[in-house]
Amino acid sequence: MKKKIALSGIQPTGIFTIGNYLGAINSWVKMQEDYDCIFFIANMHSLTTIKDPEYLNKTILKIAALLIACGINTKENILYVQSMIPQHAELSWVLQCHTQFGELGRMTQFKDKSKSNNVNVGLFCYPVLMAADILLYKPDVIPIGEDQKQHLELTKTIAKRFNNLYGEIFKIPKEFIPQTGAKIMSLTNPEKKMSKSSENKNSYISVLDSPEDILKKFKKTVTDSGSEIKFSKEKPGISNLIKIYSSISNITIKETEEKFKNISYKDFKISVAEAVINKLQPIQNKYYEIIENKDFLIKILEEGSKKAFSIAEKNLNEIYKKIGIKF
Ligand code: TYM
């Protein structure tokens, strides 16, 4: 690999949402021009929440098909499934031995998820597996949404601690977080992040939602009692729609405000829905073509995994030697 490396992953917990698309996948697609890219389906992470083998297995292939439909070029880049590379779990153990209990306890995502009674140890250790996913491949940049920023900060802390102890092993990666799509909020509660694992289907737009459903969901979006299309803290619902429109249309927040200056909330919601429908239509068409061909998808993932394995194997060997557990 001659260019700089970009690396990122997505969990196969469900068909991804426009939040995932605008926060991460859109950046993945764009970064292919300037970086050698390594993308993976983070199925080991999904075991923290999903205990349904058939669902998990099917969703992995669906996510692979969707990523290709969104424009991930698997000829030039690497797309693989995390569980096909055992070095992720191996490095994760090594890194766990270099991570403080208190550091993991401070992760806001863990704090949110651990409010229920069913908290498994995997949920607690999850950020360390994420650090292993990243550091194993020595990437330069990690395209992610804002919700993953804290995990990336922890990754850097662990990498620096490791380098101080054993000499320069890990590259310290930088995050890439897009300006407008960094955190798309729920359509039913704009104080909460839009999430593909939410039980309320009206709270998110899946990239495979039909045009009718997209329009229906946007029409129902929670806004406020005002009438101005203005981005502000006091108007979280309208601000969320402005963010969605800006990032899907590739224009600034200001330009969006200007464009819809004299428009009612009702008409603005319809315009946002139309922009989303137009963006998703070609992705959906391509997806339904690809998903039919399971053998093709499995072949792509196996080929990607072979390439990822050779990098992971070499790098983990180096790490094991440096820390004194291999001759
Ligand atoms: P996941 O599967 O939850 O989400 C995939 C990507 O989508 C971004 N994202 C969002 N962006 C904007 N608005 C939203 N509402 C929104 N929801 C999600 C996420 O920030 C993410 O970039 N832990 C990761 C997967 C992972 C990973 C990694 C990522 C595992 N190992 C190593 C990067 C590097 C996760 O659960 O993403």
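Mind scanning Lys219/Lys286; Lys30/Lys75; Lys58/Lys219; Lys183/Lys266 and naming the pairs with a C-alpha gap bigger than 25 Å?
Details: Lys219/Lys286 27 Å; Lys30/Lys75 15 Å; Lys58/Lys219 31 Å; Lys183/Lys266 23 Å.
Correct reply: Lys219/Lys286; Lys58/Lys219.
How many percent of the accessible area of region 19-93 is carbon or sulfur, using a 1.4 Å probe?
C and S fraction of accessible area: 53 percent.
How much mean residue ellipticity at 222 nm does the chain get from its helices, if each DSSP H run of length 4 or more adds -39500 (n - 2.57) and you divide by all residues, to the nearest 500 deg cm²/dmol?
Working: 13 runs with 168 residues, N = 327.
Helix-only estimate at 222 nm: -16500 deg cm²/dmol.
If the reach is capped at under 27 angstrom between alpha carbons, list the lysines near Lys322, excluding any in the same chain fewer than eight residues apart.
Lys2, Lys3, Lys4, Lys138, Lys156, Lys160, Lys171, Lys174, Lys306, Lys307, Lys314
Label Val121 and Glu303 with points 7 Å out from Cα along Cα→Cβ: what is the distance between them in nm?
Between Val121 and Glu303, the label points sit 4.0 nm apart.
Just grab the label-to-label distance for Leu47 and Glu234, each label 7 Å out from Cα along the Cβ direction, in nm (one decimal).
Distance between the two pseudo-spin positions: 5.1 nm.
When we measure straight from the Cα of Lys269, which aspartates and glutamates land under 20 angstrom away, once same-chain ones fewer than 8 places off are left out?
Excluding near neighbours in sequence, the set is Glu191, Asp209, Glu212, Asp213, Asp224, Glu228, Glu234, Glu255, Glu257, Glu258.
Tell me, what is the FRET efficiency for Lys4 and Tyr55 to the nearest 0.05, using R0 = 45 angstrom and their Cβ-Cβ distance as r? Don't skip to the answer; put the middle values down first.
Details: r = 36 Å, r/R0 = 0.80.
About 0.80, to the nearest 0.05.
Can you give the FRET efficiency to the nearest 0.05 for Lys294 and Glu199, using r as the Cβ-Cβ distance and R₀ = 25 Å?
Efficiency computed from Cβ-Cβ geometry: 0.30.
Out of the total accessible area of region 203-327 (probe 1.4 Å, heavy atoms of protein only), what percent is carbon and sulfur?
The computed percentage sits at 53.
In Å², and per residue, what accessible area does region 82-213 have when probed at 1.4 Å with the other protein chains present?
On the way: 6290 Å² over 132 residues.
Per-residue value: 48 Å².
The values are calculated or read from the model by the stated rules, or taken from the named source; none is laboratory data. Source: prediction; values computed, not measured. With ideal geometry, Cβ positions are generated from the backbone for all residues, glycine too; neighbour counts draw on all protein chains shown. These accessible areas exclude ligands, DNA and RNA; they are computed on the full protein's heavy atoms, side chains included. Shrake-Rupley method; radii C 1.70, N 1.55, O 1.52, S 1.80 Å.
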